[in-house]
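Participant: Take a look at this one; I'll ask things after.
The values are calculated or read from the model by the stated rules, or taken from the named source; none is laboratory data. Just so it is clear, the structure is predicted and the values come from calculations on it, not from any experiment. We place every Cβ from the backbone using ideal geometry, glycine too, and count neighbours over all the protein chains shown. For accessibility, only protein heavy atoms count, side chains too; no ligands or nucleic acids. Shrake-Rupley method; radii C 1.70, N 1.55, O 1.52, S 1.80 Å.
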Amino acid sequence: MSRRKARAYIMGAYEHPTRLATDKTIAQLHMESALGALADAGLSLLDVDGFFCGNDMPGIGAFAIVDYLNLKLRHIDVTDTGGSSYMIHVAHAVEAIQAGKCSVALITLGGRPRAEGANTGTMVRPYHHAQPEIPFELPYGNMIVGSYAMCAKRHMYEFGTTSEQLAWVKVAASHHAQHNERALLRDVVTVEEVVNSPLVADPLHRLDCCVITDGGGALIVTSPEVAARLNRPKVGVIGMGETIKGQNGGKVDLSFSAVAKAARTAFEEAAIDRQDIKYVSLYDSFTITVLMQIEDLGFCEKGQGGRFVADGNLISGVGRLPFNTDGGGLCNNHPNNRGGMTKIIEAVRQLRGEAHPAVQVKNCDLALASGIGGWLGARHAGSVVILEREA
Amino acid sequence: MAGETNTEQLDPQTFGNAETATFWNAAKEGRLLIKHCTACDEHHWYPRTHCPHCGSGETEWVESRGEGSIYTFTVLRRNGGQIPCYVTLDEGISIFTNIVDCDPDDLAIGKRVRVRFREERNGTSVPVFVLSEQV
Ligand SMILES: [Zn+2]
């Protein structure tokens, strides 16, 4: 197969260092993240002509933050699929750049759920009274963690997956996080510690769940022309896929996620084989989220995810498929309950050779970032980007 | 019970809108209505005016036998032990609901359940399920 040539490049990436932002506003987190990514790329706010964000911004869409940053834009895109939005923002930035609508796209994320005391996984999320499913679901405790737990329960029933296998996802993340001085949780944990941590929603334990942190991040996607005159490694976007999966009119099948379809689209576009991927960033809201993506991305057969992740197979330098080498959402950071941004940032670090030396994947020329946002057991989105380092 | 508090904040119109008022009125009488499409002969859930399987507006309310089996479930240990689940009705559709009045250790995927109704604090009756062997 001949690989797809990138049509746009990620030239700037920045992860905000804070994990507890009691002294900062959300707008500040967006600004500091934007400036960090622009400095990384060698650009300034004046160069930005496209802006991409989710609807977690304060106020309606992009109004407040675009004005706060004082951007002068040619293109705006507010797309929201929860934590998986950021892979879609990269994809939409590439499409806009290819269509000539902008040449320097800025994507920002910022939030402070930890400072504000949010119980992300176990609270009832805000909803609109006209959401048609609400009266049929709200009375029954439709919080985030339960939705993912129901998928884990079903996976165990259909495929024999065990809590110990799920625990290996957290164990691998903790092995990586020990090297990240900014990670919220840096202690290496064992399978026993994960399965002996308190149950939150059967079969998910506290250590099967990601952290709640403040913070932010930003990405700069540019046209090939802009990329050529910047003094940074070029990370090309060669494959993109996105979709939403719901309850299918009541014909519910929780054995697969929206990533299955998004991955097919992305791999077809990139025209590469799965085994060519050297590193993966997988959204890790919960351990089951990672296991489901590994299967749906095609790194193993459906149902074999439990066996695949066991025995350190996700640990860099140890296993076949190094993942989330910053410690991921399970250990490092989950700014504003939206892990897609940091997934892309760590993939960029890997492709540039700028990950921590203890977890840097050798000759990392092809990487993938995948996200699941929303309620895995009901309505959720899958989004995938395939990234290539260009000489 | 943990589930009851969730509906306090819902205004009656959320439950009484024109599209689903028939469902909620029947629920008050202890009957579980589901939608059937006469164009494609499929049931669907949650109820809509138009069939999500084929787009036809030729849908009708039919009464479910109220029996099915557990497709999956969880126990919300941090939220009062409420048990969200999907129950697959014998009519072939899976509905998001709760299992009530049971020892969580007795639950298993595939076990038979049947409907009963729980009155919420806002006066609405919502379908929940109990293990059939208990009935
Ligand atoms: Zn139909």
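Participant: What accessible area per residue, rounded to a whole number of Å², is obtained for the stretch B:11-134 using a probe radius of 1.4 Å?
Facilitator: 42
Participant: Out of every Cα-Cα pair in the stretch A:194-307, what percent are more than 21 Å apart?
Facilitator: Result for the distance tail: 56 percent.
Participant: On average, how much accessible surface per residue is there in the stretch A:155-206, in Å², for a 1.4 Å probe, leaving out ligands, DNA and RNA?
Facilitator: Per-residue value: 45 Å².
Participant: Could you work out how far apart the two model spin labels at B:K111 and A:D23 are, taking each label as a point 7 Å from the Cα in the direction of the beta carbon, and quote it in nm?
Facilitator: It is 5.4 nm.
Participant: I want to verify a result. In a Gaussian network model of chain A, Cα cutoff 10 Å, which of these has the top mean-square fluctuation: A:A13, A:A381, A:A310?
Facilitator: A:A310
Participant: Check each residue of the stretch A:210-254 and keep those whose accessible area, probe 1.4 Å, is at least 50 Å² smaller with all protein chains in place than in the chain alone; give them in order of residue number.
Facilitator: At a threshold of 50 Å² (probe 1.4 Å), the residues of the stretch A:210-254 that become less exposed are A:G249, A:G250, A:K251, A:V252.
Participant: With springs connecting C-alpha atoms under 10 Å apart, model chain A as a Gaussian network and identify which of A:G371, A:G340, A:G146 has the largest mean-square fluctuation.
Facilitator: Highest fluctuation among the options: A:G146.
Participant: How much of the accessible area of chain A, probe 1.4 Å, is carbon plus sulfur, in whole percent?
Facilitator: 50
Participant: For a paramagnetic label modelled at 7 Å from the Cα of A:E95 toward its Cβ, which residues of the stretch A:230-251 fall within the zone defined by backbone nitrogen distances under 13 Å?
Facilitator: A:240-244
Participant: Setting aside same-chain residues fewer than 8 positions from A:K170, which lysines have a Cα under 24 Å from its Cα?
Facilitator: Here the lysines satisfying the reach criterion relative to A:K170 are A:K153, A:K278, A:K302, A:K343, A:K362.
Participant: Turning to a different aspect of this structure: Along the Cα-to-C-beta direction of A:V124, a point sits 7 Å from the Cα; which residues of the stretch A:45-60 have their amide N less than 15 Å from that point?
Facilitator: none
Participant: Chains B and A: buried accessible surface, both sides, probe 1.4 Å, rounded to 100 Å²?
Facilitator: 3500
Participant: I would also like to ask the following. So if we plug the beta-carbon distance of A:N231 and A:K5 into 1/(1 + (r/R0)^6) with R0 = 22 Å, what FRET efficiency do we get, rounded to 0.05?
Facilitator: With a Förster radius of 22 Å, E is 0.55.
Participant: Taking a ≥ b ≥ c as the square roots of the Cα gyration tensor eigenvalues, with a/c under 1.5 meaning rounded and otherwise prolate when a/b beats b/c, else oblate, which class fits chain A?
Facilitator: Cα axes put chain A in the rounded bin.
Participant: Next up: Could you tally the net charge around A:I60, taking each other residue with its Cβ under 15 Å from the Cβ of A:I60, Lys/Arg +1 and Asp/Glu -1?
Facilitator: Every neighbour counted, the sum reads -4.
Participant: Assuming 0.890 mPa s and 25 °C, estimate D for the stretch A:127-219 with Stokes-Einstein, Rh taken as the Kirkwood radius over Cα pairs, in µm²/s.
Facilitator: D = 159 µm²/s.
Participant: Then there is this: Gap in Å between the Cα centre of the stretch B:88-135 and the Cα centre of the stretch A:63-112?
Facilitator: Value for the Cα centre distance between the two parts: 44 Å.
Participant: Right, something else. To check my understanding: the extent here is largest minus smallest coordinate of the Cα atoms along each principal axis. What are those three numbers for the stretch B:11-134, in Å, largest first?
Facilitator: Cα spread of the stretch B:11-134 along its principal axes, largest to smallest: 43, 32, 24 Å.
Participant: So, one more: Just need the relative contact order of chain A here, percent rounded to a whole number, with Cα pairs under 8 Å and 6+ apart.
Facilitator: Taking the mean separation of contacting Cα pairs over the length of chain A, I get 26 percent.
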